[in-house]
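Data block below; observations after.
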Amino acid sequence: MAPKTTKTTSSSAKSVSDAKGKKPTRSVVGAPSQHNQSSRKGKRAWRKNVNIEDVEEVLEGMRAEERVIGTTLNKMEDGQLFQIDTKGDERIRSALPPRFSSSQLTSAKILAQRSAVPAVFSRVTGSGSNKRKSLLSREEKEKLMRIAKRPRKGPFNSIMDPSEYASGSGIVDLSEAVKASGTYDAWAPEEVAEIKDGLENVQKKKAKPPVFAQTRDLIEIPAIVEPHQGTSYNPPVDAHQELLEKAAALEMKRLRDAEKMAEVKTKMEEAKLTAEEYDMSVAPGMKVQELHGDEEEQPEEDEEVSTSAKRVPERKTKAQRNRAARLLKEKRALVEKAQRKRLMASINEAKALRKANAQTMSAQEKEREAKLQLLAEKLKKQGLAGQKLGKHKVPESNVIVQLGEDLTENLRGLKPEGNLFRDRFQSLQQRALIEPRVPVLPKRRKNRMIEYEKHAWKNFDRE
């Protein structure tokens with residue numbers, strides 16, 4: 001049994017010694033595993049299987065310092081690494097994290113670790129790059145390419161024809177007016193240039209900007225008008241009666257306008273001539289009388305008699321012409337003398353005429369100002385209601401009132417009246433915020449739809 005025991009111990013010692021001299025298959029710093037070195041006879045084996053774990057450990061330590069601090073410790077000064085605290089921090093106890101906190105978990109600490117080294121970007125940034133910037137902008141480069149007629153890419157990465165650059169398919173340079181748009185102020189004061197010709201004090205008159213009174217600024221109607229007391233479900237008797245009279249007056253006016261329009265329409269219908277009374281083929285006053293057979297065969301002697309009946313005016317002699325000219329001259333002299341006499345008589349009344357003219361003009365001016373004031377008051381209180389602007393007329397507000405038998409004394413039986421959307425739309429029109437409009441109704445289709453049945457579907461039952 002002794003020899004067997006000795007053999008066993010010697011084999012175990014040999015395996016331990018082999019394990020100690022054997023190179024580990026995995027690096028300490030997490031590098032990929034390497035094959036065991038079988039031989040060091042060739043130079044390739046020396047380069048490939050050389051052991052640099054100590055160098056990798058030092059480099060990994062430096063990388064860890066960069067991730068935490070941002071740089072290595074040997075590059076930092078003593079003042080950045082050490083600090084002598086002689087006073088202490090009074091808020092250190094409050095700044096310390098609580099004893100039991102979820103942020104102190106190992107998983108939370110791992111997730112909270114962030115590297116101080118800036119991230120690496122695939123593209124070169126402007127701050128950290130030393131790349132030389134282009135001295136030409138994109139517009140200047142395209143302009144030079146157009147001048148040189150070099151091939152240039154257009155939409156969809158297509159090559160554009162140099163002859164078509166300025167015909168709409170390519171980019172055309174902006175004009176100087178477009179480039180300078182928005183920089184010129186028409187009402188800005190002009191800079192006075194120095195004039196050395198003795199006209200230093202002569203300045204051009206400054207143009208004042210025009211001031212226009214907006215119609216919406218003159219209107220003082222509130223956006224939401226307070227309703228009349230008569231529109232209540234249980235209104236006072238006087239207010240309800242007043243609103244009924246107002247609604248009745250508006251309805252009577254509407255009826256009178258409708259009757260007037262009906263009368264005008266009837267008159268227009270009566271003025272139209274029927275086909276029997278008016279012949280459209282012949283102009284009015286040029287009707288040709290029908291000639292009978294007897295009238296066509298009359299002799300031509302009547303025409304000769306009618307032509308001879310016309311008297312030819314006799315030619316005046318020279319004495320008669322002179323007498324007529326003298327009489328005309330005397331008449332003109334008498335008329336001129338009478339006009340001069342009236343003018344001399346009116347000179348004494350010039351002051352009275354001037355005073356009467358001034359009174360008439362002042363009365364007309366006062367009447368005009370009164371009309372303008374009435375229009376301004378009406379515009380201030382009623383807005384543009386009832387006025388025609390463009391093609392349409394601004395609608396007036398309708399009077400919403402219920403009859404006596406329709407009134408309810410409680411809110412349960414109350415029926416809604418009016419339309420809020422229509423009231424708001426009319427209010428915008430009356431306050432000159434939008435132009436007057438009319439509802440556009442959809443038109444009926446004029447063309448008739450024609451349906452066709454294909455030949456394949458006519459004979460579907462034969463298959």
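Every read-out reported here was derived from the displayed coordinates using simple, explicitly stated rules and does not represent laboratory data. Not measured: the values here are computed from a predicted model. When we count neighbours, we look across all protein chains shown, and the Cβ atoms used for this are built from the backbone with ideal geometry, even at glycine.
Distance from the Cα centroid of region 317-331 to that of region 375-406 is 72 Å (rounded to whole angstrom).
Of the cross-linked pairs Lys143/Lys179; Lys246/Lys381; Lys253/Lys415; Lys260/Lys388, those separated by over 21 Å at the C-alpha level are Lys253/Lys415.
Put simply, the amide H of Glu396, placed in the peptide plane, has neighbours under 5 Å in Gly386, leaving out anything fewer than 5 places away on its chain.
For a footprinting-style exposure proxy, rank Thr106, Thr71, Thr86 by other Cβ within 10 Å, fewest first. If you can, show how the numbers build up before the last one.
Details: Thr106 7, Thr71 14, Thr86 4.
Lowest count first: Thr86, Thr106, Thr71.
In this structure, the amide hydrogen of Arg152, modeled 1.01 Å from its nitrogen in the peptide plane, lies closer than 5 angstrom to those of Met160, counting only residues at least 5 positions away or on a different chain. At full extension, Glu220 and Glu396 could sit 61.7 nm farther apart than now, given 0.36 nm per residue minus the alpha carbon distance. With neighbour counts taken as other beta-carbon atoms within 10 Å, the residues Ser122, Ser181 rank, fewest first, as Ser122, Ser181.
The distance between label points at Gln229 and Lys310 comes to 8.8 nm (points 7 Å beyond Cα on the Cα→Cβ vector).
If each residue's Cβ is checked for other Cβ atoms within 10 Å, how do Glu65, Glu176 rank with the fewest at the top? Working shown, then result.
Numbers: Glu65 17, Glu176 8.
Fewest-to-most ranking of Glu65, Glu176: Glu176, Glu65.
Placing dummy labels 7 Å off each Cα toward the beta-carbon, the span from Arg437 to Ala207 is 3.7 nm. A simple spin-label model places the labels of Leu372 and Gln241 4.3 nm from each other, with each point 7 Å out along Cα-to-Cβ.
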